[in-house]
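Worksheet: the structure to be examined is printed underneath.
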Amino acid sequence: MNKPPLWVFLLLLGLLTSCAAPKTASLLRESAVMASPSLTAGLPTRSPVTMTPGEADLSPSVTMTPSLTPVPTDTLTLAPTLTPTWVFHPAGNLVVPILLYHHIAEPPNDNRYFVSPEMFKQQMEGLVASGYTTISMATLVQVMDQGGPLPARPIVITFDDGNLDVFQNAFPVMKALGFTGTVYIVTKSLADPKYMGVDVLKTLVQAGWEVGSHTYSHSDLTKSKEGLKAELYQSRQDLQKVVGVPVTSISYPFGISNDYILKKAIQYGYTSGAGLGGGSDHPQGTDLYLTRIEVRESYSLGMFGGLLPWWNGPIEPTPTATRRP
Ligand SMILES: [Zn+2]
């Protein structure tokens, strides 16, 4: 039998390499992104996985199976799943931005506690594009204390005061993007139509949201006339009756707390406490006063992004923040 001429081989070789090249490059790129968290998890370090904004996007919708290891790339197979890859973190310090909102509605005359629905949507879409996955406060403190799995870019999205506009304007946007949040409820206002009521809270819990207490009367806890037992313990009991699941997180009105209040919060069954202060670094042991990043009405999308780690969008400096009492 005659051998095919040399040019046939060369033509075939050319065809093969031109088809294979893009696929190989994309596999290499994917494996570089996905391999690094699993590698980091095996190291004896307490630092969480961090990725700089310049690195490739970690798409929340296409991930590899957790069993994959960074072996030579030509043997890798990609298995798209609906959930992002969660990687084990040892107990210790964590980097997790915790956002704080109050109202999601059109701001009446420059009110810093309002974020417009349009801006809120842009912020949430920016978080999705940057590869964030929402977690609850309960998950955050559990991993901080005992270790456990976290997504590559975790974020907690919290809403204080239980304003009804959060259910009307934030919940649908977040639901469509696969995000969940944490709402802190003032139990004295449960029957007030301006605030979330029993049915709303049940709907949120069914959708995977976390419900926490923002005390009974929203007083400065260092001066509350109702007393700490009513503010912390009774509000927790009442909320648990309403939502039918454990309530383990407290948000201190005005961010005000002290050592005595923190001790009482633990005694009354809370495992996490939400405060103020900004920043995304949470040293182990700060479970009962976790600092949050307050998102204000005046922030542009770039200023919002400038407050966050891992943000892939535009970044602008934030005006000097004035501290709320
Ligand atoms: Zn409040």
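Tabulated data for the structure shown
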quantity	calculated
Residue, nearest to residue 154 (Cα to Cα), within region 180-191, restricted to residues that are touching a helix residue (DSSP H, G or I) at 6+ places or on another chain (Cβ under 9 Å) and within 16 Å of the ligand (Cβ to nearest atom)	181
Residues of region 301-317 satisfying the condition of being part of a loop (DSSP other than H, G, I, E, B) and modelled with pLDDT of 95 or more	307, 308, 309, 310, 311
Residue count, region 239-253 (criterion: without any contact (Cβ under 8 Å) to a residue 60 or more places away in the chain and more than 13 Å from residue 217 (Cα to Cα))	9
Residues being without any contact (Cβ under 8 Å) to a residue 40 or more places away in the chain and within 16 Å of the ligand (Cβ to nearest atom) - total across region 254-264	1
From 177, 221, residue being more than 14 Å from the ligand (Cβ to nearest atom) and touching a residue at least 24 places away in the same chain (Cβ under 8 Å)	177
Residue ID - nearest to the ligand (Cβ to nearest atom), chosen from residues in region 159-173 that are surrounded by 24 or more Cβ atoms within 10 Å (Cβ to Cβ) and within 17 Å of the chain's Cα centre (by Cα)	160
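Each row is one residue, and each column tells you yes or no for (1) of a type in the set (A, V, I, L, M); (2) assigned by TED's automatic domain parsing to the domain that holds residue 147; (3) under 20 Å from the mean Cα position of the chain (by Cα); (4) within 16 Å of the ligand (Cβ to nearest atom).
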| position | (1), (2), (3), (4) |
| --- | --- |
| 209 | no, yes, yes, no |
| 213 | no, yes, yes, yes |
| 229 | no, yes, no, no |
| 269 | no, yes, no, no |
| 277 | no, yes, yes, yes |
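The values are calculated or read from the model by the stated rules, or taken from the named source; none is laboratory data. Given the structure is predicted, the values throughout are model-derived calculations rather than measurements. Using ideal geometry, Cβ is built from the backbone for each residue, glycine included, and neighbour counts are taken over all protein chains shown.
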